[in-house]
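Asker: Have a look at this one before I ask anything.
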Amino acid sequence: MASERDVRARLQLAGQEHLLRFWAELAPGPRAALLAELEPLDPAALREHCRQAAAACARPPGPDPGLAARLRPLPPERVGSASRSDPETRRRWEEEGLRQIALNKVAVLLLAGGQGTRLGVDYPKGMYRVGLPSRKTLYQLQAERIRRVQQLASQRHGARCTVPWYIMTSEFTLGPTAAFFREHGFFQLDPASVVLFEQRMLPAVSFEGRAILERKDKVAMAPDGNGGLYRALADHRVLEDMEVRGVEFVHVYCVDNILVRLADPVFLGFCVLRGADCGAKVVEKAQPEEPVGVVCQVDGVPQVVEYSEVSPETAGLRAPDGGLLYNAGNICNHFFTRGFLQMVTRELEPLLPLHVAVKKVPYVDDQGALVKPQTPNGIKMEKFVFDVFPFARNFVAFEVPREEEFSPLKNGEPADRDCPSTARRALLSQHYRWALRAGARFLDAQGARLPERPCLPQDEDPPAICEISPLVSYAGEGLEVYLRGRELQSPFILDEARARELLPQEP
């Protein structure tokens, strides 16, 4: 470990010597911890990081006045649709996706570096339960979807296959996530196919360009955004691991979408058959002011434009069919070839822009007292996973129905959107629709038939509670054999054991 003298000299070069201002007050243990945290920080990189943070924060907020003239929707030939395509085309996409999975060429990569702070919990979001009858966590739902899609591909092609699950964590989420998976036996996945790795951390910076001390012996650090993926892939040789396993295609997604379809064969097949090196799932924006980024073109190049960067007038523009002109909402659900990711990590990562997040960062004042600010006081610099889109040789977008594939979990109760109750409602409504389509009917506690309402407003609970395990059905397929003609009493859980009970008996 470097000495205090060496670290102090490096901090002087970075203009951040104040990080050692409580050195004389620290005991040997905290001194060693602080040196261990400061030693890896390159002086030039730290100086530039703090300078960039202060400069970026000083720029006036709001939409770029010149952006509207440079903006265009994605051309139709770059966009596919899960709902507007004919059944034969969808079948062809799905078949290609299942074929690639059966060949062991597909991996999924989870972005799980963030904490559940906005949810009001101090553990990783993936460990959260939204209140389903089964009490399953987000991690369990996702693990079971991997198991089911492996099973579908194996059955279709008669070959055992594995979809490796790479999980990018942070300093905050690595330990709890690893312990959680061990505690639950990796949800019956092969532990060797579940690979956890950690993204880098960057110091939080004051508006004056000074790194913030969280405690006398600790710098306030934050993950470098989901775009930190690309450095982390290189740091931990993840792409080399994929190459050894034969992985060619990677599905990248965010942890908080309760409806996410991992290694979705339809999306994979669409991207592979189009020869794409980079792709994004999108949903139609609900209204112009919805706070989601838009996948579009700027100066003829595909990228995501954040909602805060677009003026209300531009966001409200209409297409000839009456829909929003810029309607392709980004949902952090992406396809990459391994070759494209290798190119990004080797050559392009330094070119990715930095984004400013202004946050309330606890700190110690000059007297060493802990301060929990009531208003934002610090800057966290992030990169975004989608900032690689402009580098794609062949970028495509794939539109999916919101009610089937997107319900994010970001806020705690009693928020009116993107919270546990809305996520739970989205999943249970989906499963209720699947059961109706499979031919089931629902009864209340007294045995009276409940009304059938397959089309529900997003803010309304389904008439019956029905939860279907991902181990029984990945996307609503195959349920007729269990449910056709059956009258089910709410609440109803269709897990593997119940499915076996409902199988028709052979004479």
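Asker: May I ask you to list the residues in region 251-301 that are among the polar types (S, T, N, Q) and open to solvent by 20 Å² or more (accessible area, probe 1.4 Å)?
Answerer: The answer is GLN287, GLN297.
Asker: In region 367-396, which residues are in contact with a Gly (Cβ under 6 Å, 6 or more places away or on another chain), within 26 Å of GLN199 (Cα to Cα) and assigned to a loop (DSSP other than H, G, I, E, B)?
Answerer: Of all residues in region 367-396, those in contact with a Gly (Cβ under 6 Å, 6 or more places away or on another chain) come to 382-385, 387, 394, 396.
Next, from what is left, pick out any that are within 26 Å of GLN199 (Cα to Cα): 382-385, 387.
Across region 367-396, the qualifying residues are LYS383, PHE384.
Asker: Going through region 145-160 one residue at a time, which ones are open to solvent by 10 Å² or more (accessible area, probe 1.4 Å) and over 16 Å from the mean Cα position of the chain (by Cα)?
Answerer: Result: ARG147, ARG148, GLN150, GLN151, LEU152, SER154, GLN155, ARG156, HIS157, GLY158, ALA159, ARG160.
Asker: Evaluate the following for ARG182: is it at pLDDT 95 or above, open to solvent by 60 Å² or more (accessible area, probe 1.4 Å), under 30 Å from LEU11 (Cα atoms) and over 19 Å from the mean Cα position of the chain (by Cα)?
Answerer: No: the conditions fail for ARG182.
Asker: In this structure, does LYS216 turn out to be in contact with a helix residue (DSSP H, G or I) (Cβ under 7 Å, 6 or more places away or on another chain) and among the basic types (Lys, Arg)?
Answerer: Yes; evaluated as a whole, the condition is true for this residue.
Asker: Have a look at GLN115, GLN12 and point out the one that is open to solvent by 60 Å² or more (accessible area, probe 1.4 Å), modelled with pLDDT under 95 and polar (S, T, N, Q).
Answerer: Numbers: GLN12 fails: modelled with pLDDT under 95.
None of the other options fit; the residue is GLN115.
Asker: A follow-up question, please. Any residue in region 214-240 that's over 30 Å from ASP366 (Cβ atoms): show its pairings with residues that are outside any helix (DSSP H, G or I) and of a type in the set (Phe, Trp, Tyr) at Cβ separation under 8 Å, as long as the two are six or more apart or on different chains.
Answerer: GLY225/PHE384; ASN226/PHE384; GLY227/PHE384; ALA232/PHE197; ASP235/PHE197; HIS236/PHE197; VAL238/TYR166; VAL238/PHE197
Asker: So, one more: What's the total number of residues in region 44-83 that are of a type outside the set (A, V, I, L, M, F, W, C) and surrounded by 10 or more Cβ atoms within 10 Å (Cβ to Cβ)?
Answerer: 15
Asker: With the checklist (1) touching a residue at least 24 places away in the same chain (Cβ under 8 Å); (2) out of contact with any His (no Cβ under 6 Å at 6 or more places or on another chain) in hand, flag the one item ALA178 doesn't pass.
Answerer: (1)
Asker: So, one more: Give region 205-235 a look and list any residue that's within 28 Å of TYR166 (Cα to Cα), aliphatic (A, V, I, L, M), crowded, with 18+ Cβ neighbours inside 10 Å and at pLDDT 95 or above, or say none.
Answerer: The answer is ALA220, LEU229, ALA232, LEU233.
Asker: Sticking with this one: Is it true that some residue in region 127-144 is charged (D, E, K, R), modelled with pLDDT under 95 and in a loop (DSSP other than H, G, I, E, B)? Spell out the reasoning first.
Answerer: Here is the first cut: in region 127-144, the residues charged (D, E, K, R) are 129, 135-136, 144.
Okay, now just the ones that are also modelled with pLDDT under 95, so none.
So far as region 127-144 goes, no, none of its residues is charged (D, E, K, R), modelled with pLDDT under 95 and in a loop (DSSP other than H, G, I, E, B).
Asker: While we're here: Taking region 369-410 as the region of interest, how many residues are among the aromatic types (Phe, Trp, Tyr) and open to solvent by 40 Å² or more (accessible area, probe 1.4 Å)?
Answerer: Selection size over region 369-410: 1.
To keep it simple, each residue is scored yes or no on (1) touching a Cys at 6+ places or on another chain (Cβ under 7 Å); (2) in contact (Cβ under 8 Å) with a residue 24 or more places away in the chain; (3) farther than 30 Å from GLU289 by Cα; (4) open to solvent by 30 Å² or more (accessible area, probe 1.4 Å).
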| site | (1), (2), (3), (4) |
| --- | --- |
| PRO320 | no, no, no, yes |
| ILE331 | no, yes, no, no |
| VAL344 | no, yes, yes, no |
| GLN367 | no, no, yes, yes |
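Asker: Another question, then. Tell me which residues, restricted to region 22-41, are open to solvent by 60 Å² or more (accessible area, probe 1.4 Å), without any contact (Cβ under 8 Å) to a residue 12 or more places away in the chain and not in a helix (DSSP H, G or I).
Answerer: Matches in region 22-41: PRO40 only.
Asker: Can you find even one residue in region 26-44 that is under 30 Å from GLU399 (Cα atoms) and among the small types (Gly, Ala, Ser)?
Answerer: No.
Asker: Okay, moving on. Identify all residues within region 84-96 that are at pLDDT 95 or above, more than 15 Å from VAL272 (Cβ to Cβ) and either open to solvent by less than 80 Å² (accessible area, probe 1.4 Å) or not in a helix (DSSP H, G or I) (or both); write none if there are none.
Answerer: Hits for region 84-96 are SER85, ASP86.
One line per residue, one yes/no per condition, for (1) in contact with a Leu (Cβ under 6 Å, 6 or more places away or on another chain); (2) modelled with pLDDT under 95; (3) more than 18 Å from LEU141 (Cα to Cα):
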{"residue": "PRO420", "(1), (2), (3)": "no, no, no"}
{"residue": "ARG425", "(1), (2), (3)": "no, no, no"}
{"residue": "ARG441", "(1), (2), (3)": "no, no, yes"}
{"residue": "ASP444", "(1), (2), (3)": "yes, yes, yes"}
{"residue": "ARG453", "(1), (2), (3)": "no, yes, yes"}
{"residue": "PRO457", "(1), (2), (3)": "no, yes, yes"}
{"residue": "VAL472", "(1), (2), (3)": "yes, no, no"}
{"residue": "LEU494", "(1), (2), (3)": "no, no, no"}
{"residue": "LEU503", "(1), (2), (3)": "no, yes, yes"}
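The values are calculated or read from the model by the stated rules, or taken from the named source; none is laboratory data. Just so it is clear, the model here is predicted, and its values are computed rather than measured. With ideal geometry, Cβ positions are generated from the backbone for all residues, glycine too; neighbour counts draw on all protein chains shown. The area values use the complete protein model at the heavy-atom level, side chains included, leaving out ligands, DNA and RNA. Shrake-Rupley method; radii C 1.70, N 1.55, O 1.52, S 1.80 Å.
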